[in-house]
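The values are calculated or read from the model by the stated rules, or taken from the named source; none is laboratory data. This one's a predicted model, so the numbers in the text were calculated from it and none came from an experiment. Neighbour counts run over all protein chains shown; Cβ positions are idealised from the backbone, glycine included.
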Amino acid sequence: MTNPQIILAADVTTNRPHANVAEIEQKLGALELIWGIGAVRKTVLIIVLAVIWQVYASYLDNPLLFPTLSDTLTTLYDRFADGVLPARIWTTLKVLITGYVAGTVLAGVLTILAINTRIGTDFLETMTAMFNPLPAISLLPLALIWFGLGASSLVFVLIHSVLWAVALNTHAGFLGVSRTLRMVGGNYGLTGLSYVVRILVPAAFPSILTGLKIGWAFAWRTLIAAELVFGVSSGQGGLGWFIFENRNLLDIPAVFAGLLTVIIIGLVVENLVFQTIERHTIQKWGMKE
Amino acid sequence: MLQTTQYANNTTAERADSLQCASARPLLTVDKVTLRYKTPNLLITATEDVSFSVEQSDRFVLLGPSGCGKSTLLKAVGGYMAPVSGAIHINGRPVKKPGADRMMVFQEFDQLLPWKTVLENVMFPLLVARKLPRSEAEERARDYIDKVKLTRAADSYPHTLSGGMKQRVAIARGMAMQPDILLMDEPFAALDALTRRQMQDELLQLWEDTKFTVIFVTHSIAEAIKISNRILLLSPHPGRVKAEVIDVDHARHDDGSAVALERDIHNLLFSEPGHRE
């Protein structure tokens with residue numbers, strides 16, 4: 001019988017298997033590091049696509065069907081310079097923001113009612129079940145009769161496109177808040193609105209943000225489509241009208257410039273605005289991998 | 001001196017009274033409390049006729065196998081559920097709803113608000129429930145964060161902390177409020193064994209500093225003996241008081257009395273035929 005012994009690592013001098021391991025951390029090569037950045041890879045892709053566009057359009061040589069990238073960019077620059085595009089963008093964004101904010105606020109009110117009362121829950125569930133599958137643009141003819149040709153019809157349709165997506169996600173997010181966090185909120189004596197604002201909203205923020213993103217995407221697509229239909233009558237037309245108008249004038253590079261503007265604004269909002277919010281909230285809080 | 005008093009099943013309240021050394025009014029009294037909760041198709045009786053009282057600066061442990069309703073009992077003390085019969089009083093006031101005079105520390109690591117840093121997490125209840133001015137709340141929060149040895153992590157977000165650190169924050173948050181009672185629901189159950197022992201030592205150290213009153217729920221007999229000065233033993237299905245162990249803090253490891261007590265409690269809890277844990 002021998003007693004247990006503890007042999008300290010520092011005492012082992014004869015046999016050291018790790019002596020030949022040089023460094024635990026080694027730097028990656030510069031090229032590998034750069035290629036590891038998603039934005040770099042995507043930029044390269046866009047450049048490649050742009051080159052293909054330019055080469056193919058030059059080869060086709062038919063600006064009525066398919067203008068070159070350089071023509072499109074020149075037109076884009078000209079229309080920006082003469083103030084037409086900025087005015088159109090402003091018209092579109094004004095309507096968009098009005099509808100988006102109104103829809104989000106309404107969604108907030110509905111969800112707060114739903115989380116506090118059972119009849120509110122039933123109301124929200126029934127309404128989302130009915131209206132979520134209904135494409136907002138299909139309400140446009142009706143809206144035109146109710147509100148006339150103008151921004152108010154557009155805002156009505158936008159509210160419809162934003163409201164249900166945001167409400168649905170926010171409500172699901174509220175329901176998904178863990179029991180422990182709810183109990184913590186109760187422990188602090190928080191009730192009613194302060195409980196919703198201080199505990200539920202931040203705890204459900206990942207879902208709420210998803211809802212806001214989906215709502216934005218719906219609203220943007222709906223608005224451009226609606227403007228294509230009747231942009232001419234709403235005083236000053238928006239981006240959709242810009243595209244439609246230039247098609248009628250057979251100014252195809254301008255049509256492409258309009259489409260490019262739609263894409264760029266969509267990208268900026270989705271990738272810059274929402275990603276910035278995401279970085280400063282749910283990523284910082286570790287609520288998203 | 002060690003005492004283990006076995007109760008007859010029915011006369012719990014009188015016995016509980018007789019066990020208390022006569023002080024004016026206990027901090028918390030739980031009087032013949034029966035708790036029931038509903039699952040979608042069952043009505044479950046969690047505890048039946050449970051009575052006990054907690055004095056100032058007690059480290060009171062609710063101990064029992066799973067299904068003895070100890071966590072449910074703690075939730076009732078916390079005000080999260082109302083007893084079907086019986087009454088719970090704290091400082092003579094009936095417990096009706098959750099409140100900051102009874103701060104809870106949960107088992108789950110997600111009890112910290114992930115959108116707030118450690119400091120903000122500890123400050124938050126001081127601001128919303130105690131209505132302290134910001135500077136005072138921050139000062140007190142930093143004080144308690146120091147106490148649980150997290151000074152360097154004060155500005156970190158919870159998701160960057162280990163499980164043990166998160167539980168320390170939760171304890172600091174509870175203690176900073178200086179509640180009448182700290183309610184701890186198996187706070188160390190999800191920790192690894194080494195961290196768990198360390199946390200038990202630190203909790204005792206904190207108690208030495210401030211002599212706070214705590215009710216601690218656990219299913220580990222060893223943990224109960226290490227932490228408490230009084231243990232309430234509960235039997236399962238439904239939870240009833242089986243015995244109360246007093247002067248637990250007199251049990252010592254060097255003379256073997258702690259080990260003997262652990263064995264006694266084990267035998268008492270698992271003496272019922274057909275029940276194994």
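Restricting A:217, A:204, A:257 to those that are away from chain B (no Cβ under 14 Å) and over 19 Å from residue A:95 (Cβ atoms) reduces the list to A:257.
With the requirement that a residue be surrounded by fewer than 16 Cβ atoms within 10 Å (Cβ to Cβ) and within 21 Å of residue A:251 (Cα to Cα), what does the stretch A:85-105 give you?
First pass over the stretch A:85-105, keeping only residues surrounded by fewer than 16 Cβ atoms within 10 Å (Cβ to Cβ): A:86-87, A:90, A:94, A:97, A:101, A:105.
Within the stretch A:85-105, A:86, A:87 meet the criteria.
Scanning the stretch B:184-193 for any residue that is assigned to a strand (DSSP E or B), of a type in the set (Asp, Glu) and within 13 Å of the chain's Cα centre (by Cα) turns up at least one such residue.
Yes or no: residue A:155 surrounded by fewer than 24 Cβ atoms within 10 Å (Cβ to Cβ), of a type in the set (Val, Ile, Thr) and assigned by TED's automatic domain parsing to the domain that holds residue A:118? Yes; evaluated as a whole, the condition is true for this residue. Quick check: is even one residue across the stretch A:177-192 assigned to a helix (DSSP H, G or I), more than 14 Å from chain B (Cβ to nearest Cβ) and crowded, with 17+ Cβ neighbours inside 10 Å? The answer is no, given that none of the residues of the stretch A:177-192 is assigned to a helix (DSSP H, G or I), more than 14 Å from chain B (Cβ to nearest Cβ) and crowded, with 17+ Cβ neighbours inside 10 Å. The residues listed here are B:171, B:215, B:227, B:181; of these, the one that is farther than 22 Å from residue B:98 by Cα and among the β-branched types (Val, Ile, Thr) is B:227.
Here's a check for you: in the stretch B:140-162, which residue that is assigned to a loop (DSSP other than H, G, I, E, B) and of a type in the set (S, T, N, Q) is nearest to the other protein chains (Cβ to nearest Cβ)? Top of the filtered list is B:156. If you go through the stretch B:227-264 and keep only what is under 30 Å from residue B:146 (Cα atoms), modelled with pLDDT under 85 and part of a helix (DSSP H, G or I), you end up with B:248, B:249, B:250. Among A:156, A:123, which is the only one that is in contact with a Leu (Cβ under 9 Å, 6 or more places away or on another chain) and either of a type outside the set (A, V, I, L, M, F, W, C) or more than 22 Å from residue A:192 (Cα to Cα) (or both)? Going through A:156, A:123 in turn, the sole match is A:156.
Screening residue B:165 against (1) within 14 Å of chain A (Cβ to nearest Cβ); (2) in contact (Cβ under 8 Å) with a residue 40 or more places away in the chain; (3) closer than 20 Å to residue B:123 by Cβ; (4) not hydroxyl-bearing (Ser, Thr, Tyr) leaves a single unmet condition, (2). Here residue B:67 passes the criteria (1) at positive phi; (2) in a strand (DSSP E or B) except the one numbered (2). Evaluate the stretch A:224-237: report whether one residue or more is within 11 Å of chain B (Cβ to nearest Cβ) and of a type in the set (Phe, Trp, Tyr). Among the residues of the stretch A:224-237, not one is within 11 Å of chain B (Cβ to nearest Cβ) and of a type in the set (Phe, Trp, Tyr), which makes the answer no.
Listed conditions (1) in the same structural domain as residue A:208 (by TED's automatic domain parsing); (2) not in a loop (DSSP other than H, G, I, E, B) are all met by residue A:53, apart from (1). Residues that are within 26 Å of residue B:72 (Cα to Cα), more than 10 Å from chain A (Cβ to nearest Cβ) and in a loop (DSSP other than H, G, I, E, B) within the stretch B:84-135 comprise B:84, B:91, B:92, B:95, B:96, listed in sequence order. Taken together, A:142, A:93 contain a single residue that is out of contact with any Leu (no Cβ under 8 Å at 6 or more places or on another chain), closer than 30 Å to residue A:47 by Cα, in the same structural domain as residue A:239 (by TED's automatic domain parsing) and assigned to a helix (DSSP H, G or I), which is A:93.
Residues are listed down the side, and each one gets a yes or a no for (1) surrounded by fewer than 19 Cβ atoms within 10 Å (Cβ to Cβ); (2) of a type in the set (A, V, I, L, M); (3) without any contact (Cβ under 8 Å) to a residue 60 or more places away in the chain:
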| residue | (1), (2), (3) |
| --- | --- |
| B:78 | no, no, no |
| B:109 | no, no, no |
| B:116 | yes, no, yes |
| B:127 | yes, yes, yes |
| B:138 | yes, no, yes |
| B:141 | no, yes, yes |
| B:149 | yes, no, yes |
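When each of A:252, A:265, A:277 is tested for being more than 24 Å from residue A:99 (Cβ to Cβ), touching a residue at least 12 places away in the same chain (Cβ under 8 Å) and surrounded by fewer than 20 Cβ atoms within 10 Å (Cβ to Cβ), the lone residue that passes is A:252.
Within the stretch B:33-67, being touching a His at 6+ places or on another chain (Cβ under 8 Å) and either at pLDDT below 85 or closer than 19 Å to residue A:183 by Cβ (or both) holds for B:64, B:65, B:66, B:67.
Does the stretch B:199-221 include one or more residues that are of a type in the set (Gly, Ala, Ser) and either touching a helix residue (DSSP H, G or I) at 6+ places or on another chain (Cβ under 6 Å) or within 16 Å of residue A:184 (Cβ to Cβ) (or both)?
The initial filter retains those residues of the stretch B:199-221 that are of a type in the set (Gly, Ala, Ser), namely B:220.
Still in the running and either touching a helix residue (DSSP H, G or I) at 6+ places or on another chain (Cβ under 6 Å) or within 16 Å of residue A:184 (Cβ to Cβ) (or both): none.
No, every residue in the stretch B:199-221 fails to be of a type in the set (Gly, Ala, Ser) and either touching a helix residue (DSSP H, G or I) at 6+ places or on another chain (Cβ under 6 Å) or within 16 Å of residue A:184 (Cβ to Cβ) (or both).
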